[in-house]
Protein chains: 2
Amino acid sequence: MKTVKYSKLVLILTYALTITTPLKAQSPSGAATAPAQLNLMPVPAAMQAQPGRLPITASFNVAIKSYTDDRLRAGIGRMLNRLAGRTVLTLPTSLATDENTATLVVQCERAGETIPSLNENEGYSLEVTDKQARLVAPTVVGALRGLETFLQLLQGDRNGYYLPGIKIQDQPRFPWRGLLIDVGRHYEPMEVLKRNLDAMATVKLNVLHWHLSEDQGFRVESKKLPKLHTLGSDGLFYTQDQVREIIAYARDRGIRVMPEFDIPGHSTSWLVGYPEMGSAPGPYTIERGAGIFEPALDPTREQTYKFLDTFLGEMAALFPDAYMHIGGDENEGKQWDRNPQIQAFMKEKGIKDNHALQAYFNQRILKILQKHGKKMIGWEEILHPDLPKDAVIHSWRGAASLAEAAKKGYNGILSAGYYIDLMFPASQHYLADPIPLDTTLTAEEAKHVLGGEATMWGEWVSPETIDSRIWPRTAAIAERLWSPRTVTDVEDMYRRLAVISRQLEELGLTHEKNYGMLLRRLAASENTGPLRTLASIVEPVKQYRRYQMRPQTMLSPLSGLIDAARPDSETARLFAANVDAFLSDAPRFALDRSDLEHTLVEWQSAGRALGPVIDRSPALQEARPLANNLATIAETGLAALAHLSSNDAATTEWRDAQLTKLDEAAKPAAALEFVVITSLRKLVIAAAELPQLNSTTPAEWNKRVTTMAGPSVAPAKP
Amino acid sequence: MKTVKYSKLVLILTYALTITTPLKAQSPSGAATAPAQLNLMPVPAAMQAQPGRLPITASFNVAIKSYTDDRLRAGIGRMLNRLAGRTVLTLPTSLATDENTATLVVQCERAGETIPSLNENEGYSLEVTDKQARLVAPTVVGALRGLETFLQLLQGDRNGYYLPGIKIQDQPRFPWRGLLIDVGRHYEPMEVLKRNLDAMATVKLNVLHWHLSEDQGFRVESKKLPKLHTLGSDGLFYTQDQVREIIAYARDRGIRVMPEFDIPGHSTSWLVGYPEMGSAPGPYTIERGAGIFEPALDPTREQTYKFLDTFLGEMAALFPDAYMHIGGDENEGKQWDRNPQIQAFMKEKGIKDNHALQAYFNQRILKILQKHGKKMIGWEEILHPDLPKDAVIHSWRGAASLAEAAKKGYNGILSAGYYIDLMFPASQHYLADPIPLDTTLTAEEAKHVLGGEATMWGEWVSPETIDSRIWPRTAAIAERLWSPRTVTDVEDMYRRLAVISRQLEELGLTHEKNYGMLLRRLAASENTGPLRTLASIVEPVKQYRRYQMRPQTMLSPLSGLIDAARPDSETARLFAANVDAFLSDAPRFALDRSDLEHTLVEWQSAGRALGPVIDRSPALQEARPLANNLATIAETGLAALAHLSSNDAATTEWRDAQLTKLDEAAKPAAALEFVVITSLRKLVIAAAELPQLNSTTPAEWNKRVTTMAGPSVAPAKP
């Protein structure tokens, strides 16, 4: 197994490449142009600017040198399509025959792994001069990674499209960089999976962790045990042909497909067709709620293992990946506690508790997987003294369990910190490191940390909304897992993320375009201005509060305002930055003042305009408190602004009254919460403390005010 | 064959249903609410408002009475999903068991035609009271039509969602209401076809005319003659399983799928694999250009008919529809003229010209189709004295040929007037009637007019843009073909079209959401404001000028500004209405003044802001003249506004200078043209003729100014 080589990476040049002089000098017209700012994501392991620029024109063409195969040609074809789409140039569709005159030369040595695996060499080097771009990689997969970098280098100016001169030497920090898609809670059609695989390839992710079974649905066809999918899926499952189609599609992009069949818990849907495998008599029906449920396979009966041998054997043949994920999480064993036969079995075998019983189960499953040629991976609950060392630990509750496993000699991957369903901003995920700076692992132990996976749990995603829950935030996680540990500039990450997010749309991703569509449906109108203003500064409540505050079932429509609203509000981030800049400009208070005022006036008028919109759209009734609060908080902000601008300190009474209003507005409604409250608190406090503010340094009072304004609901600043 | 019953239709109530009193009286809160304005499209044959309203709540449920089958249940399921999506209500997913308490009762008598056909009874009646909605139809297809009407009746206000009380008795005017999708020039993926079938069902269209072969591509798998698709399609073809999937998907929605294999011309792609069937020796390659090409099958050799017998026989078994379309258009016979064997054959048989030779070919094809149980339909060129009476004529050059065919006893359908690829506004298509008011056909002859088809020719559509070329305009054509001939209020059509267009988004249609996406890609930025302003008042040049002005190939990217821009600019339509209102308000000139000024200022600033956007995006360089002209025409408009508002007549010199500027700006660039020029001309002329305007009636001078402003580039006003 390939281990982590992060310590060997050398960042020749920090990311923000601003070597302007050579780029200017090479500008064909001789006119001064803005320095090229690169928008690479993930940031390569090492890169160096070179003089010159390579023009991209309608004569752009590609030559393949040395090894070639269908996968490489298809990858080049996709790159050409995207390049053409972006530049509106009609490019030659056949490969160049003369390596010397080709715009891009791709040179590979070999195909790479037949079945995508951890052993894949994904490295590549890319050199761009004013004559040619040259992509060199040991494997086709490395070349595919390099082609994505090539596309990200494209720039445009008055003189046309071009790539800046550059030398890149790149390879991943971790070999396991995944995205879990839970299709158990909500089925996702083939095209959703395909476009997400395309997006994954764009940011160099290499594992689709396909969470195929849940209490709420069993999503893969079993020819040997057909009641699994016929009775457990509402008819929403993937045929084996479709599974092969996804695997081939992923392989074409250098992506592994690892299936997960979550056992012994999370298995209600299995038991609809095969209740005799459960730990309680049944009958069972497909679960429609969200949460942790009791049904669990019976680990004490031989028929369970025979059943699983049949099923996992069939799946082992269907899925070529070396690993099979058996879940193993969140089984509370309540059915086990109540089953006398199970209790008798435990007594007889000397199994002291449910955790030990699950360890027994896991060992049996491990043998079955080994028999079928698979390595086992499971959620961190499977960690147990009896667990063999070739099992992989998937950490979801914290990096500590990953470190603990590594110290014990287990390989592991991290998902704690990458739970994108919790609605936290990209900045938080970005700074979660599988091997934090303060790690207690030795270099040798750290090699057990293989990487990580973003987890798209499926309780509240539909084909219309899933993209906006995955993207663009997952691109930040992809960078964490690929780029050197030292790449941690959050502001620069957000700058590049905006560019990459837009480029994802080329692949059909709907995270941006479905936002407007969902708002139009809700407003029952083309004119969504005020609703859009509201939606731009609220976010779905974090963690798992949505279900508590606004319960729905798996059969509910996911078309409410909470489904249109997105995590990681860019507007709130910009507003927070503007407020900070404005306050730091004391006692002048001119910086960003007009922007702030403009924004607050827009919120105020949107708040007022929303009433009639909501009147016409009963689906928006739940958002009425938000609409009212929108006007209120805007007025509060404007009043604070007036105090500050006129150097007229507000009274403490006024301040307290305003803070009370803001506290009230901070309460979620429709499971949505404003993420600009902290910034507004700052303005209010500042208005009341003008003398103090004017008599201290900006840094000092900003710190003080920030402390007073309380914990940020808005995304943490870098 | 079912003939047209338009003369028997009774419009009990004109469409704009504004019976406000009973609706108000039934408002549960007792508060006055706005009168319900219905958004039905197509308008039903007959309807009558009833008192009361039926609340739609989370307890909404459906009972099926009498006949039921999978198709009906699936249709109800789709309706429930859309109803839930729109209302954000968690609705029961199982059918109601008690007919008396169900919110909606669906009562059918029978399944309808096993294979969707012209004989289908699509009628239904729908009655909504404050207790229940009752949908009664002889067939499941009629019920499906009624379910679409049911969904379109949904309204919302402060008291929640509801359906207004109403009685509807509905059936189509014409039995053949189609949409041609040309997948020959550009292949369209399965999901594009499926979502367009969904959209067709929404507006009660019932024929997908699947144009499967062209010079530029052969798109269906032939197991018997595999070189057709393997060599003629670039790998972009539908497998026979996929064809069956589309047919089943369409049938589920009461839609026929009629294939077209265009012969003897338009057949280059056939000849790539089978050059021996051509009228010139070959070799042939897939055509990449747009236009009319020479390759044609050789109608003089028996092997051609053997080949076609094999192929059409295979397709006749694959496609269950009664009709097979053999194209037959635009064969200029140049290959025939140059082929001595063909010339000798004609001489020998006494065939006097190419038209007669094609008639000979058609008769041979007709026999083949008859042998395989199919009726023949072809483009109007097939009309010839020797053509048997059971062939159907598809008119594309004008309604005259349809009438001519009808007089001769041929059934026919109309596509002239419905060429949506020509980029004309919906208003024009809407007013094209298969049997115009001034028809010379007798009632008996008129029965030969079966209906019509919108034609989405595929030269310049991609999966990203095709929806915006088809929708929403095709909904207006669908209304023309379904609703009574007397339904011709263009303004009301546009009002309803906006609502229906938005509802189409529920089905995944991308006509609206891809607009912003394409603009973001072009601007290489999230901030597309100025570009969007420009795009909102330009339209692709009409008819087939695009290719002349901005040549591309079938392999070119369709991601330019012309591809983002859409026909039938709503902004231009509103601007024209505002200008007319403003001018009719002489001498006060107050009506809509601030709207006009606001709009013109926005254009002016967008025109100025576009420079830097274009600098960064070479793909937009071609649009620079448009950006410059945008500022110019806005300034002209503002200057005219100033003259009028201050009652300060402009000089004729000024007028002429401005008109020259407008003439200049009217010239297309990037194959796009401003569609607000006529309105601006009106303002300029008015400014110079203030005394005259102030001394005549609004109607008189508006007529005069309109004449002076020249033919409207903007959509014709009703």
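A few remarks follow.
- Segment B:191-251 - Rg over Rh from alpha carbon coordinates, Kirkwood radius: 1.03
- Karplus-derived 3J(HN,Hα) values for segment B:139-144, using 6.51 cos²θ - 1.76 cosθ + 1.60 with θ = phi - 60°, are 10, 4, 4, x, 5, 4 Hz; glycine and proline are entered as x.
- For chain B, the antiparallel share of DSSP beta bridges with both residues in that region comes to about 40%.
- Mean Cβ count within 10 Å, highest first, over the residues of peptides B:261-270, A:309-318: B:261-270, A:309-318
- Linear extension gain, residue B:244 paired with residue B:646, 0.36 nm per residue minus alpha-carbon span: 137.9 nm
- Order by protection proxy (mean Cβ within 10 Å, highest first), peptides B:86-94, B:547-555, A:402-410: A:402-410, B:86-94, B:547-555
- Within a straight-line Cα-Cα reach of under 13 Å, residue A:371 can be paired with the following aspartates and glutamates, leaving aside sequence neighbours fewer than 8 residues apart in one chain: A:309, A:314.
- From most to least packed by mean Cβ count within 10 Å, the peptides A:66-79, A:499-512, A:143-156, A:105-118 give A:143-156, A:499-512, A:105-118, A:66-79.
- Placing +1 on the Cβ of every Lys and Arg and -1 on the Cβ of every Asp and Glu, with nothing else charged, gives the protein assembly as shown a dipole about its Cα centre of roughly 840 debye.
- Farthest toward positive dipole pole in the protein assembly as shown [+1 Lys/Arg, -1 Asp/Glu at C-beta], among B:668, B:268, A:529: B:268
- Here segment A:169-233 is assigned +1 on the Cβ of each Lys and Arg and -1 on the Cβ of each Asp and Glu. Its dipole about the Cα centre then comes out at about 180 debye.
- Between segment B:632-647 and segment A:226-261, the Cα center-to-center distance that results, in Å: 64
- Under the convention that each Lys and Arg Cβ holds +1 and each Asp and Glu Cβ holds -1, the size of the dipole of chain B around its Cα centre is about 1060 debye.
- A straight chain from residue A:330 to residue A:591 at 0.36 nm per residue would run longer than the Cα-Cα distance by 88.8 nm.
- Whole-angstrom gap from segment B:553-611 to segment A:653-703, using each part's C-alpha centre: 42
- Selection of trypsin sites (Lys or Arg not before Pro), segment B:225-295, meeting DSSP coil and at most 16 other Cβ within 10 Å: B:288
- Exceeding the 31 Å Cα-Cα cut-off - candidates A:513/B:542; B:349/B:447; B:227/B:375; B:352/B:375; B:542/B:682; A:224/B:204: B:349/B:447; A:224/B:204
- Cα-projected label distance for residue A:131 with residue B:437, points at 7 Å along beta-carbon direction, nm: 7.4
- Look at the dipole of segment A:354-405 built from charges on Cβ: of A:368, A:383, A:403, the Cα furthest out on the positive end belongs to A:368.
- Rounded to 5, the percent of DSSP beta bridges in the protein assembly as shown classed as antiparallel: 40
- When the Cα convex hull of the protein assembly as shown is projected onto planes of every orientation, the mean area is 58.2 nm².
- A Förster radius of 30 Å combined with the Cβ-Cβ distance from residue A:371 to residue B:234 puts the calculated FRET efficiency at roughly 0.10.
- Take each residue in B:619-626, count the other chain C-beta atoms within 10 Å of its C-beta, and the mean is 2.
- Taking every DSSP bridge with both residues inside segment B:145-268, close to 30 percent are antiparallel.
- Per-residue mean of foreign Cβ neighbours for A:89-97 is 2 (Cβ atoms of other chains, 10 Å radius).
- Segment B:396-457 - percent relative contact order, Cα under 8 Å, separation 6 or more: 47
- Each Cα pair under 8 Å and six or more residues apart adds its sequence gap; the mean of these over the residue count of chain A is a relative contact order of 11 percent.
- Positive-end ranking of B:639, B:698, A:108 along the dipole of the protein assembly as shown, with charges on Cβ about the Cα centre, is headed by A:108.
- Shielding by other protein chains, A:457-466, mean Cβ within 10 Å: 1
- In chain A, the calculated helix contribution to ellipticity at 222 nm averages -13000 deg cm²/dmol per residue, counting -39,500 (n - 2.57) for every DSSP H run with n ≥ 4.
- Sequence-ordered 3J(HN,Hα) estimates for segment A:223-237 from the Karplus curve with 6.51, -1.76 and 1.60 and θ = phi - 60° stand at 6, 7, 10, x, 5, 4, 8, 6, 9, x, 10, 6, x, 9, 9 Hz, glycine and proline given as x.
- For segment A:446-566, the convex hull drawn through the C-alpha positions has a volume of 146 cubic angstrom per residue.
- The HN-Hα couplings worked out from phi for segment A:528-541 by the Karplus form 6.51 cos²θ - 1.76 cosθ + 1.60 (θ = phi - 60°) are 10, x, x, 5, 5, 4, 4, 4, 6, 10, 10, 9, x, 4 Hz, whole numbers, x standing for Gly and Pro.
- Using a 7 Å projection from Cα along Cα-to-Cβ, the label point at residue B:548 is separated from the same position in the remaining copies by 6.9 nm, smallest value first.
- Computed Rg/Rh of segment A:588-718, alpha carbon atoms with Kirkwood Rh: 1.00
- Relative pair counts by distance (%), Cα atoms of chain A, 10 Å bins: 3, 14, 21, 23, 20, 13, 5, 1, 0
- Measuring nothing but how far apart in sequence close Cα pairs (under 8 Å, 6+ apart) lie, relative to its length, segment B:377-523 scores a relative contact order of 20 percent.
- Each residue, residue B:553 and residue A:317, gets one label point 7 Å from its Cα in the Cβ direction; the gap between the two is 4.7 nm.
- Annotation: aspartates and glutamates with alpha-carbon distance below 13 angstrom to residue A:407 (same-chain offsets under eight excluded): A:444, A:445.
Each reported figure results from applying straightforward, stated rules to the coordinates on display, with no laboratory input. As the structure is a prediction and not an experimental result, all values here were calculated from the model. Virtual Cβ from ideal backbone geometry, glycine too; neighbours counted across all protein chains shown.
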